[in-house]
Amino acid sequence: MITLISAMGQNNEIGVDNKLLWDLPTDMKHFRTRTQKKTVVMGRKTFESIGMALPNRKNIILTRDKNYDISNFKNTFLAHSVQEILDMHEKEIQKNPEYEIMIIGGSTIYESFVESATNLSLTFVDANFLEADSFFPKINFTQFTEILCTNIKKDKKNIFDMKICEFKKIENIA
Ligand SMILES: NC(=O)c1ccc[n+]([C@@H]2O[C@H](COP(=O)([O-])OP(=O)(O)OC[C@H]3O[C@@H](n4cnc5c(N)ncnc54)[C@H](OP(=O)(O)O)[C@@H]3O)[C@@H](O)[C@H]2O)c1
C-alpha cells in the first residue's frame, strides 16, 4: 500500500513558510498512530520543518542532494528519486502484501506520488487559510472509495472542526 497522509484546509492548504497552518493535537495523535512502526517518506523541506527523525518509524528523506547530511539522525535514510521509493515498495510487498509506506508530504512529494497512491488518510480541517503557500494536489475522488470518516468537533485544544477520513483506490478493493 502507498498511503498519502495529510491534513488540509477547505482549499487544500497544507502549509506556509515551511510550517503547518495550525496546531491540532487530535490530528497529530491520528498522524502518530497511523504512521507508527511504518516507513514514512518526506521531502527535504518537510524534514527540516519537523527538525527531527520521527521516532518508531523508518524515515526516508527525498532530496536531490547526494551529500545531504543525516548522520545525526537515527533510523533515517536518503532517497534521490520517486522511482527509488516505488522500487523499494514493490520489493517489500513481495515479502509482505500488507506492507504500507506512508507519504507524509509536503506539497511536491504528494504531487509526485498521487498517481501511485493506493490509499489516502486525509484530515479535512473546516477552515480556510489565505496565507497558505503549500497545497495538497487535487484528487479525483471518483477513483477512491471512502472506508471510514470521523467527524471531530472543535474544542479547547483543537480550534477547528475536522473530519478524518480513510480512502482506498477502487481497483485495490478485494
Ligand atoms: N498539512 C500537512 O499534512 C503537511 C504535511 C507535510 C508538509 N506540510 C507542509 O508542506 C510544506 C513543504 O512542502 P514543499 O512542497 O515546500 O516541500 P517538500 O515537498 O517537503 O520538500 C521539497 C524537497 O524535496 C526534494 N524533492 C522533491 N521531489 C523530489 C524528487 N522527485 N526527487 C528527489 N528529491 C525530491 C527536494 O529537496 P532538495 O531541494 O534537497 O533537492 C525538494 O526541494 C511546509 O509548509 C510543510 O509544513 C504539510
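Listed by first and then second residue, the pairs with beta-carbon distance under 6 Å, at least 6 apart or on different chains, first residue in segment 147-165 and under 20 Å from Phe129 (Cβ atoms), second surrounded by fewer than 12 Cβ atoms within 10 Å (Cβ to Cβ) and among the basic types (Lys, Arg), are Asp161/Lys153.
Checking every residue in segment 87-95 against the condition of being out of contact with any helix residue (DSSP H, G or I) (no Cβ under 8 Å at 6 or more places or on another chain), more than 29 Å from Phe141 (Cα to Cα), open to solvent by 30 Å² or more (accessible area, probe 1.4 Å) and at pLDDT 95 or above gives at least one match. Look through Asn12, Asn56 and report the one residue that is among the polar types (S, T, N, Q) and either within 13 Å of the ligand (Cβ to nearest atom) or touching a helix residue (DSSP H, G or I) at 6+ places or on another chain (Cβ under 6 Å) (or both). After applying the criteria, what remains is Asn12.
Against the definition (on the phi > 0 side of the Ramachandran plot and buried (at least 16 other Cβ atoms within 10 Å of the Cβ)), how does Gly105 come out, yes or no? Yes.
Looking at this structure, is Lys66 within 10 Å of the ligand (Cβ to nearest atom), surrounded by fewer than 17 Cβ atoms within 10 Å (Cβ to Cβ) and outside any helix (DSSP H, G or I)? Judged against the criteria, Lys66 is a match. Given the criteria within 16 Å of the ligand (Cβ to nearest atom), under 23 Å from Phe77 (Cα atoms) and assigned to a helix (DSSP H, G or I), does Met88 qualify? Spelling it out, Met88 is indeed within 16 Å of the ligand (Cβ to nearest atom), under 23 Å from Phe77 (Cα atoms) and assigned to a helix (DSSP H, G or I).
Residues of segment 95-132 that are more than 17 Å from the chain's Cα centre (by Cα) and outside any helix (DSSP H, G or I): Asn96, Pro97, Glu98, Asp126, Ala127, Asn128, Phe129, Leu130, Glu131, Ala132. For segment 32-52, the set of residues classified as in a helix (DSSP H, G or I), near the ligand (Cβ under 10 Å from one of its atoms) and touching a residue at least 60 places away in the same chain (Cβ under 8 Å) consists of Lys45, Thr46, listed by residue number. Tally time: how many residues in segment 64-94 are free of Cβ contacts under 8 Å to residues at least 24 places away in the same chain, over 16 Å from Met1 (Cα atoms) and more than 19 Å from the chain's Cα centre (by Cα)? Residues flagged as free of Cβ contacts under 8 Å to residues at least 24 places away in the same chain, over 16 Å from Met1 (Cα atoms) and more than 19 Å from the chain's Cα centre (by Cα) within segment 64-94 amount to 10.
All of (1) crowded, with 16+ Cβ neighbours inside 10 Å; (2) within 24 Å of Lys29 (Cα to Cα) hold for Leu148 with one exception: (1).
Working only within segment 8-37, note down all residues that are closer than 29 Å to Lys91 by Cα and buried (at least 19 other Cβ atoms within 10 Å of the Cβ).
Residues satisfying the conditions are His30, Phe31, Thr35.
The values are calculated or read from the model by the stated rules, or taken from the named source; none is laboratory data. Treat the numbers as computed from the prediction; the structure is a model and nothing was measured. Neighbour counts run over all protein chains shown; Cβ positions are idealised from the backbone, glycine included. Only protein heavy atoms, including side chains, enter the accessible area calculation; ligands, DNA and RNA are left aside. Shrake-Rupley method; radii C 1.70, N 1.55, O 1.52, S 1.80 Å.
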